[in-house]
Structure formats: structure tokens, C-alpha cells
Amino acid sequence: MRSKSKVTLGVAAFAVLALTACGGPAGTTSSDPAEAPDESGAASGEHPYGLEVVESPEFEEGTSMAEFAEAGSITIGTKFDQPLFGLVGPDGNPVGFDVAVGSLIAAELGIPYENIEWVETVSANRETFIENGNVDIVVATYTINDARKEKVDFAGPYYLAGQALMVQAGNPEGIMGPEDVAGQPVCSVEGSTPAAHIVDEYDADLEATDQYSNCLDPLRNGQVVALTTDNVILAGFVDQNQGEFELVADGETFTDEPYGIGLEKGDDEFRTFINDTLEAAYEDGRMASIWEQTAGVVLPTPEFPAPDRY
């Protein structure tokens with residue numbers, strides 16, 4: 001990333017979303033997910049996404065799957081500040097499509113929702129958290145790319161997003177596409193692929209922070225002309241802040257961002273298991289169901305991509 005990238009936006013703006021009031025700094029854990037309701041208000045003790053937990057699954061001894069099943073628990077990294085995909089609610093627990101995908105994998109391991117530990121992972125620490133064992137997997141709007149594959153492995157993709165731009169409602173700067181932000185201040189998250197792309201390809205003056213929600217006040221106040229990240233994340237912010245923001249060109253994308261599930265490099269058996277789980281969930285409708293309960297309240301149900309079994 002170019003030297004013009006500046007980490008200038010503080011964490012004080014984190015509370016801009018009412019639903020993120022309980023979010024903490026990177027690495028925050030949510031240790032009581034049993035209290036987390038789903039978007040439809042499922043009762044405590046029921047699976048918030050209506051998933052069936054496999055009873056006493058059998059796995060080959062020595063595999064990660066066998067270890068997780070025996071332990072009866074798993075630690076999953078996700079975002080805590082992204083509406084529709086991973087957003088902390090008033091009770092301190094995350095909800096969204098990524099959270100549901102993580103709980104789907106846990107259910108196939110025989111792990112009930114209440115035994116999942118959710119750890120906040122921001123864009124800059126996802127590989128580090130996997131490598132250091134802070135988390136077992138990461139499901140966090142995590143774009144698969146070759147540079148990241150050098151450090152971790154990916155299952156999936158399970159969703160195809162694309163980079164877009166969000167501006168103030170009414171688009172006062174008249175931004176029609178990424179070419180219009182050259183030399184202008186644009187906010188994104190340090191260590192993310194959208195941040196690198198808007199600088200390297202479109203010569204924006206990046207105002208970097210650690211969480212996308214920290215970009216909202218600077219955009220409101222005119223300190224930046226746009227926020228850039230994946231279209232689905234931006235759609236969530238538009239939905240959560242009615243009348244304040246809009247997507248440039250109706251959310252038209254200018255990159256492809258395949259979201260994958262990050263896991264320890266070299267764990268081929270676990271990667272295969274997750275890919276098998278995703279494919280089965282596509283076929284039997286579980287993936288469509290958890291999408292409709294989460295991101296689907298705003299976005300249409302997509303055609304889910306086939307996993308890349310590299």
C-alpha cells in the first residue's frame with residue numbers, strides 16, 4: 001500500500017450505530033452466546049438460525065473435526081461492526097450472515113450454538129489470529145486472495161461480493177465511480193483489499209481506520225468524500241442509517257471479492273470438511289434459509305458459488 005495511507009480516524013466513532021454499542025476493541029470475545037437472539041427473536045436455548053446440531057458425529061481420530069467434536073466447542077472470529085454480516089447487538093453478541101455460516105459449521109461438528117466463542121477479528125488481524133491460535137476459523141467478510149493464502153488456507157468461497165462506494169445522501173460531490181475519487185480522501189479499513197485497491201488502482205488519498213463503522217462520522221462531516229468496501233457491507237450501513245447515505249451507481253461493483261472461511265494453513269482435511277458442509281447446505285436449502293434470516297432482509301438471495309477445492 002502506498003505511503004499516503006494514513007491511520008487517522010480514531011475509535012471514538014465506533015458507537016455510531018445503535019446496535020454496535022456493546023462492541024469492543026479488536027480481539028473482544030463474546031462468551032455468552034446462548035443469550036443471543038436471532039433477527040426474528042428466537043427464544044433462548046433454541047438455535048437462533050434454526051439449524052439442527054448433529055448428534056455425536058464421528059470423525060477420523062487425530063483430525064481437527066474429531067478434536068472439536070470431542071471438546072464440544074469452537075472459537076470463531078468474525079466482524080462485530082458490519083450490519084447484515086457480523087454486527088454486535090445490545091446483548092454483546094454478534095448476529096448476521098457470517099455468524100450464521102460459522103454456526104452452521106459448528107452444528108455439523110456437533111457443537112451447539114451456546115458453545116461457540118465469538119472473537120472480534122478486524123481486517124488487519126485475521127491471518128495473525130489464525131496463525132497464533134486465537135481462533136479456530138475466521139468467517140468475517142474475508143476475501144480469498146493469493147497473498148493471504150501464503151499464510152492461511154481458505155474454504156469456500158461461500159459468497160461473491162464486490163467493492164463499491166458509499167457517499168452522503170444526495171451525492172454532494174457528484175461521485176459517479178472510483179475514477180472520481182483520485183486525490184480525494186476516502187475512508188476504508190487498514191489491511192483490507194478495498195483499501196489497497198482504491199489507492200493502488202484509483203489513487204485515492206486513504207483515510208484508514210480499524211473498523212468500517214469508524215468511517216461513518218467522517219463521511220457525515222465531510223472529512224472524507226466516500227467510504228469504500230464491499231457492496232454488501234455498504235448496503236448494511238445504508239439500511240441502518242436511513243436517509244444519511246447512498247451507494248454510488250446503485251451499488252455497482254468494480255472488483256470481485258470471494259468470501260472464504262479462513263483456517264490454519266495445511267489442514268486439508270478440515271478445509272475439505274468445511275467445503276463439503278457448504279455444498280450440502282447449498283443443496284438442502286440451509287444456506288438460503290440463513291441468508292434470508294440475516295442479509296436477506298435487505299438483499300436478494302444470491303446464487304451461492306461452488307467451493308474452490310484448490
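The values are calculated or read from the model by the stated rules, or taken from the named source; none is laboratory data. This one's a predicted model, so the numbers in the text were calculated from it and none came from an experiment. Backbone-built Cβ (ideal geometry, glycine too); neighbour counts: all protein chains shown.
Residue under question is residue 270, and the condition is that it be over 17 Å from the mean Cα position of the chain (by Cα) and touching a residue at least 12 places away in the same chain (Cβ under 8 Å); does it hold? Break it down stepwise before answering.
Numbers: over 17 Å from the mean Cα position of the chain (by Cα): yes; touching a residue at least 12 places away in the same chain (Cβ under 8 Å): yes.
The answer is yes for residue 270.
Among what's in the stretch 60-82 and is among the hydrophobic types (A, V, I, L, M, F, W, C) and free of Cβ contacts under 8 Å to residues at least 40 places away in the same chain, pick the residue that is farthest from residue 212 (Cα to Cα). Full working, then the answer.
As a first pass, look at the stretch 60-82 and keep what is among the hydrophobic types (A, V, I, L, M, F, W, C): 65-66, 68-69, 71, 74, 76, 80.
Within this subset, residues satisfying the condition of being free of Cβ contacts under 8 Å to residues at least 40 places away in the same chain are 66, 71.
Numbers: 66: 36, 71: 34 Å.
Per the stated criteria, the residue is 66.
So in the stretch 263-278, with the set limited to residues that are part of a helix (DSSP H, G or I) and either in contact with a Cys (Cβ under 6 Å, 6 or more places away or on another chain) or among the acidic types (Asp, Glu) (or both), which one is surrounded by the fewest Cβ atoms within 10 Å (Cβ to Cβ)?
Going through the stretch 263-278, the residues part of a helix (DSSP H, G or I) turn out to be 268-278.
Then keep just the ones that are either in contact with a Cys (Cβ under 6 Å, 6 or more places away or on another chain) or among the acidic types (Asp, Glu) (or both); that gives 268-269, 276.
On the way: 268: 11, 269: 15, 276: 14.
Ranking the candidates gives 268 first.
Do we find a residue being under 13 Å from the mean Cα position of the chain (by Cα) and of a type outside the set (Ser, Thr, Tyr) anywhere in the stretch 173-186? Outline the logic, then answer.
If we filter the stretch 173-186 for residues that are under 13 Å from the mean Cα position of the chain (by Cα), which is where we start, we get none.
Taking every residue of the stretch 173-186 in turn, none turns out to be under 13 Å from the mean Cα position of the chain (by Cα) and of a type outside the set (Ser, Thr, Tyr).
Looking at the structure I just gave you, is residue 86 touching a Lys or Arg at 6+ places or on another chain (Cβ under 8 Å) and either at positive phi or not aliphatic (A, V, I, L, M) (or both)? Break it down into steps so the answer makes sense when it comes.
Details: touching a Lys or Arg at 6+ places or on another chain (Cβ under 8 Å): yes; either at positive phi or not aliphatic (A, V, I, L, M) (or both): yes.
So residue 86 fits the description; yes.
Hey, can you tell me all the residues within the stretch 170-198 that are surrounded by fewer than 22 Cβ atoms within 10 Å (Cβ to Cβ) and either out of contact with any Asp or Glu (no Cβ under 9 Å at 6 or more places or on another chain) or not in a loop (DSSP other than H, G, I, E, B) (or both)? Quick ask: steps written out before the conclusion?
So in the stretch 170-198, the residues surrounded by fewer than 22 Cβ atoms within 10 Å (Cβ to Cβ) come out as 170-177, 179-180, 182-185, 190-191, 193, 196-197.
Across the stretch 170-198, the qualifying residues are 172, 175, 176, 179, 180, 185, 193, 196, 197.
Cβ-Cβ below 7 Å, separation at least six or inter-chain, first residue in the stretch 84-105 and assigned by TED's automatic domain parsing to the domain that holds residue 50, second among the charged types (D, E, K, R) and outside any helix (DSSP H, G or I): which pairs?
From residues that are assigned by TED's automatic domain parsing to the domain that holds residue 50, the pairs are 85/79; 86/79; 87/81; 95/38; 95/39; 98/79.
Could you say whether any residue in the stretch 265-273 is modelled with pLDDT of 95 or more, closer than 20 Å to residue 183 by Cα and among the basic types (Lys, Arg)?
Filtering the stretch 265-273 for residues modelled with pLDDT of 95 or more gives 265-273.
So of that shortlist, the ones also closer than 20 Å to residue 183 by Cα come out as none.
Among the residues of the stretch 265-273, not one is modelled with pLDDT of 95 or more, closer than 20 Å to residue 183 by Cα and among the basic types (Lys, Arg), which makes the answer no.
Conditions tested, residue by residue: (1) over 16 Å from residue 177 (Cβ atoms); (2) touching a residue at least 40 places away in the same chain (Cβ under 8 Å); (3) of a type in the set (A, V, I, L, M, F, W, C).
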residue: 218; (1), (2), (3): yes, yes, no
residue: 226; (1), (2), (3): no, yes, yes
residue: 234; (1), (2), (3): no, yes, yes
residue: 245; (1), (2), (3): yes, yes, yes
residue: 261; (1), (2), (3): yes, yes, yes
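Might you let me know whether the stretch 124-132 holds any residue that is aliphatic (A, V, I, L, M), surrounded by 21 or more Cβ atoms within 10 Å (Cβ to Cβ) and in a helix (DSSP H, G or I)? Can you show your working first?
Residues of the stretch 124-132 aliphatic (A, V, I, L, M): 124, 130.
Among the residues that remain, those that are also surrounded by 21 or more Cβ atoms within 10 Å (Cβ to Cβ) are: 130.
Retained after the next criterion (residues that are in a helix (DSSP H, G or I)): 130.
Checking the stretch 124-132: at least one residue is aliphatic (A, V, I, L, M), surrounded by 21 or more Cβ atoms within 10 Å (Cβ to Cβ) and in a helix (DSSP H, G or I).
Restricting attention to the stretch 279-309, and to residues there that are in contact with a helix residue (DSSP H, G or I) (Cβ under 7 Å, 6 or more places away or on another chain) and either of a type in the set (Gly, Ala, Ser) or loosely packed, with under 14 Cβ neighbours inside 10 Å (or both), which single residue is modelled with the highest pLDDT?
So, considering only residues that are in contact with a helix residue (DSSP H, G or I) (Cβ under 7 Å, 6 or more places away or on another chain) and either of a type in the set (Gly, Ala, Ser) or loosely packed, with under 14 Cβ neighbours inside 10 Å (or both), the one modelled with the highest pLDDT is 281.
Using the structure shown, decide if residue 164 is under 17 Å from the mean Cα position of the chain (by Cα), of a type in the set (A, V, I, L, M) and under 21 Å from residue 99 (Cα atoms). Break it down stepwise before answering.
Working: under 17 Å from the mean Cα position of the chain (by Cα): yes; of a type in the set (A, V, I, L, M): yes; under 21 Å from residue 99 (Cα atoms): no.
Here the answer is no, as residue 164 does not meet what is asked.
Output the residue which, of all residues in the stretch 199-212 that are of a type outside the set (D, E, K, R) and in a loop (DSSP other than H, G, I, E, B), is surrounded by the fewest Cβ atoms within 10 Å (Cβ to Cβ). Explain how you work it out, then say what you get.
Going through the stretch 199-212, the residues of a type outside the set (D, E, K, R) turn out to be 199, 202, 204, 206, 208-209, 211-212.
Filter once more, keeping what is in a loop (DSSP other than H, G, I, E, B): 202, 204, 211.
Numbers: 202: 19, 204: 29, 211: 23.
Ranking the qualifying residues of the stretch 199-212, first place goes to 202.
Out of all the residues in the stretch 219-239, which are over 16 Å from the mean Cα position of the chain (by Cα), outside any loop (DSSP other than H, G, I, E, B) and crowded, with 20+ Cβ neighbours inside 10 Å? Walk me through how you get there before you give the answer.
First, the residues of the stretch 219-239 that are over 16 Å from the mean Cα position of the chain (by Cα): 219-227, 238-239.
Then keep just the ones that are outside any loop (DSSP other than H, G, I, E, B); that gives 219-220, 226-227, 238-239.
The answer is 219, 226, 227.
Can you pull out the residues in the stretch 272-287 that are touching a Lys or Arg at 6+ places or on another chain (Cβ under 9 Å) and not polar (S, T, N, Q)? Walk me through it before giving the result.
Initial filter on the stretch 272-287 (touching a Lys or Arg at 6+ places or on another chain (Cβ under 9 Å)): 272, 275, 280.
Across the stretch 272-287, the qualifying residue is only 280.
Got a sec? Which of 147, 155, 140 is part of a helix (DSSP H, G or I) and not assigned by TED's automatic domain parsing to the domain that holds residue 219? Break it down stepwise before answering.
Details: 155 fails: part of a helix (DSSP H, G or I); 140 fails: part of a helix (DSSP H, G or I).
Being part of a helix (DSSP H, G or I) and not assigned by TED's automatic domain parsing to the domain that holds residue 219 holds for just one of 147, 155, 140, which is 147.
For the structure I just gave you, tell me whether residue 100 is under 19 Å from residue 233 (Cα atoms) and either in a helix (DSSP H, G or I) or at pLDDT 85 or above (or both). Steps first, please.
Working: under 19 Å from residue 233 (Cα atoms): yes; either in a helix (DSSP H, G or I) or at pLDDT 85 or above (or both): yes.
It is true that residue 100 is under 19 Å from residue 233 (Cα atoms) and either in a helix (DSSP H, G or I) or at pLDDT 85 or above (or both).
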